[in-house]
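Notes for the one structure printed next.
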Amino acid sequence: MLKIKPLPLSAETAVVPGPAWLRQWHGWLLVAVWVLVQLLVLAQNHGPRYVNDSGRYLAYGTRIAQEWHFERDHNLRYVGYPLFIALWLKLGTGWWGIVLGQMTVSGLAARAFYRTLRRLTPQSFDWRPAALATAALVAWRDVQQFNVYLLTESLFASFTILAFWALVRARRGPAGRWVIFGLLVLLTGIVRPNGFVVAGAAVVAGLARLWQLPGRRAFRRALLGLAVLAPVWWWVLNKLLLTFTLVETYLRGEIIYGFTPRVVEPTEPLLLPPPGLAPVLRLGYFMAANPTYFLKLATLKGLLFFSYVKTYYSWSHIVLIVAFIYPCYWLALRGLRTTTAWLPARVFLAGVVLLQGFVVMMTVEDWDVRFLLPVLPCVFALAGLSLGRWLPPVTPNPEA
């Protein structure tokens, strides 16, 4: 008996569930939601929002715009954002130019987010997973609110999304697309110090791609190359940590930076590193000498980071987080295991979230959830990848 293989579904031979008008107009609906949310956060914040850290970014950007002066201390790690500020100050647009520039980059990133998920969906004509994930991105106010803040978070989130777009786009096409990916990773890395998590995720994604190649010779060579470059990584880490007082933060027992009502008290005297050690060695010494205290601190920071909720949130806000973000976490875990999506893309998204969580565990959580919100788009993307398994399937069109 002959077995006839079914023809693969195409846009002409498939019926995608959902109203026809929604299939046709969902893109414009997403644009409308994005615009409404931007207007909402602008109105709620009465225009550009100035907060504690804004002053040093604006001062640094002003010095670059007026004198082309670059600092050598702690602020050098944020040089990408002052450069962005300097551009708008040079153009004479002031704070409004900075914020509208951030919104423009955010809008481009949202469009790239949608197009990338369409590429990763097994049946690219199935618009639903990409549309739902993008709806989460543009409608979740907490993520979009940083577009009006004079802070690094908006650009960090947007460049992370654009790096994700460039990675998936570089899968096929000319080698120049990999250059674009590398440039976007670099831009993300200089916007803020923990921007290196995107570079780390890119490295892990590259290793995942090499792992897929026959023989895995390239994978082993890459591991060897990373090992040979260990002195470089050591130098970079020490430079990044040079102006951070992590051990002093541990001594204060802070879980949230600057929030003293709830701190971790040591149950026994803490052993401090001797003077003169490199920053990485100081950190390692403190961990090894005080393992119980450090693990308790790190665990609480990690749990608080992923829990999202804060004591000052309203009950309605907390209920929304529990009812929406927590299921997104679960869907993201399922999306990470979705074998129909390109492995390096899944590894990149998970790498950004996990490395960011690791950084918080090693440092401190922020009162305003500034460390979680910029990486939530990666959670939404992974959740979107899993939706293809839960939505009604695409069926053949009998009229095709």
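The values are calculated or read from the model by the stated rules, or taken from the named source; none is laboratory data. Because the structure is a prediction, the values reported are computed rather than measured. In this analysis, Cβ positions are derived from the backbone assuming ideal geometry, glycine residues included, and neighbour counts consider all displayed protein chains.
On the given criteria, is THR160 closer than 20 Å to PHE380 by Cα, in a helix (DSSP H, G or I) and in contact with a Gly (Cβ under 7 Å, 6 or more places away or on another chain)?
Values: closer than 20 Å to PHE380 by Cα: yes; in a helix (DSSP H, G or I): yes; in contact with a Gly (Cβ under 7 Å, 6 or more places away or on another chain): no.
Spelling it out, it is not the case that THR160 is closer than 20 Å to PHE380 by Cα, in a helix (DSSP H, G or I) and in contact with a Gly (Cβ under 7 Å, 6 or more places away or on another chain).
Among the listed residues LEU83, LEU87, LEU91, which satisfies the condition of being modelled with pLDDT of 90 or more and more than 19 Å from THR188 (Cα to Cα)?
From the options LEU83, LEU87, LEU91, the qualifying one is LEU91.
List the helices (runs of 4 or more DSSP H) that sit entirely inside the range 281-400 and contain at least 1 residues that are among the β-branched types (Val, Ile, Thr).
Fully inside the range 281-400 and qualifying: 291-307, 315-320, 343-362, 376-387.
Do the conditions hold for LEU226, that is, is it of a type outside the set (D, E, K, R), closer than 30 Å to GLU265 by Cβ and surrounded by 12 or more Cβ atoms within 10 Å (Cβ to Cβ)?
Taking the combined requirement at face value, the residue does not satisfy it.
Rundown of residues vs (1) farther than 29 Å from LEU385 by Cβ; (2) out of contact with any Ser or Thr (no Cβ under 8 Å at 6 or more places or on another chain), yes/no style:
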| position | (1), (2) |
| --- | --- |
| PHE286 | yes, yes |
| PHE305 | no, yes |
| THR311 | yes, yes |
| ILE318 | no, yes |
| CYS328 | no, yes |
| GLY335 | no, no |
| GLY351 | no, yes |
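For the range 302-309, state whether one or more residues are touching an Asp or Glu at 6+ places or on another chain (Cβ under 6 Å) and at pLDDT 85 or above.
Yes: the range 302-309 contains one or more residues that are touching an Asp or Glu at 6+ places or on another chain (Cβ under 6 Å) and at pLDDT 85 or above.
Working carefully through the options PRO275, PRO279, find the one that is touching a helix residue (DSSP H, G or I) at 6+ places or on another chain (Cβ under 7 Å), farther than 19 Å from PHE371 by Cβ and modelled with pLDDT under 90.
Sole residue among the options that is touching a helix residue (DSSP H, G or I) at 6+ places or on another chain (Cβ under 7 Å), farther than 19 Å from PHE371 by Cβ and modelled with pLDDT under 90: PRO279.
Table: residues versus (1) surrounded by 14 or more Cβ atoms within 10 Å (Cβ to Cβ); (2) modelled with pLDDT under 90; (3) out of contact with any His (no Cβ under 8 Å at 6 or more places or on another chain); (4) not aliphatic (A, V, I, L, M).
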position: PRO193; (1), (2), (3), (4): yes, yes, yes, yes
position: TRP211; (1), (2), (3), (4): yes, no, yes, yes
position: LYS239; (1), (2), (3), (4): no, yes, yes, yes
position: ILE255; (1), (2), (3), (4): yes, yes, yes, no
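Quick check on my filter: what residues within the range 289-312 are over 17 Å from VAL375 (Cβ atoms) and exposed (fewer than 15 other Cβ atoms within 10 Å of the Cβ)?
ALA289, PRO291, THR292, LEU295, THR299, THR311, TYR312
If PHE259 meets every condition in (1) at pLDDT below 85; (2) surrounded by 15 or more Cβ atoms within 10 Å (Cβ to Cβ); (3) closer than 30 Å to VAL203 by Cβ apart from one, which number is that one?
Unmet for PHE259, out of (1) at pLDDT below 85; (2) surrounded by 15 or more Cβ atoms within 10 Å (Cβ to Cβ); (3) closer than 30 Å to VAL203 by Cβ: (3).
What pairs come up if the first residue lies in the range 173-198 and is aromatic (Phe, Trp, Tyr), the second is modelled with pLDDT of 90 or more, and their beta carbons are under 8 Å apart, counting only those six or more places apart or on different chains?
Listed pairs, sorted by first residue: TRP178/ALA170; PHE181/ALA163; PHE181/ALA166; PHE181/LEU167; PHE181/ARG169; PHE181/ALA170; PHE181/ALA202; PHE196/GLY189.
Looking at the range 292-326, which of the residues that are over 18 Å from the mean Cα position of the chain (by Cα) and of a type in the set (Ser, Thr, Tyr) is nearest to THR363 (Cα to Cα)?
Here the answer is THR299.
Which residue is farthest from GLN356 (Cα to Cα), if the candidates are limited to the range 172-200 and must be of a type in the set (D, E, K, R) and not in a helix (DSSP H, G or I)?
ARG172
Among the residues of the range 38-50, is any surrounded by fewer than 20 Cβ atoms within 10 Å (Cβ to Cβ), of a type in the set (Phe, Trp, Tyr) and either closer than 30 Å to PRO19 by Cα or touching a residue at least 12 places away in the same chain (Cβ under 8 Å) (or both)?
Looking for residues that are surrounded by fewer than 20 Cβ atoms within 10 Å (Cβ to Cβ), of a type in the set (Phe, Trp, Tyr) and either closer than 30 Å to PRO19 by Cα or touching a residue at least 12 places away in the same chain (Cβ under 8 Å) (or both), one finds at least one in the range 38-50, hence yes.
List, please: which pairs have Cβ atoms under 6 Å, are six or more places apart or on different chains, and start with a residue in the range 317-344 that is of a type outside the set (A, V, I, L, M) and end with one that is surrounded by fewer than 19 Cβ atoms within 10 Å (Cβ to Cβ) and not in a helix (DSSP H, G or I)?
Matching pairs, first to second residue: THR340/PRO122.
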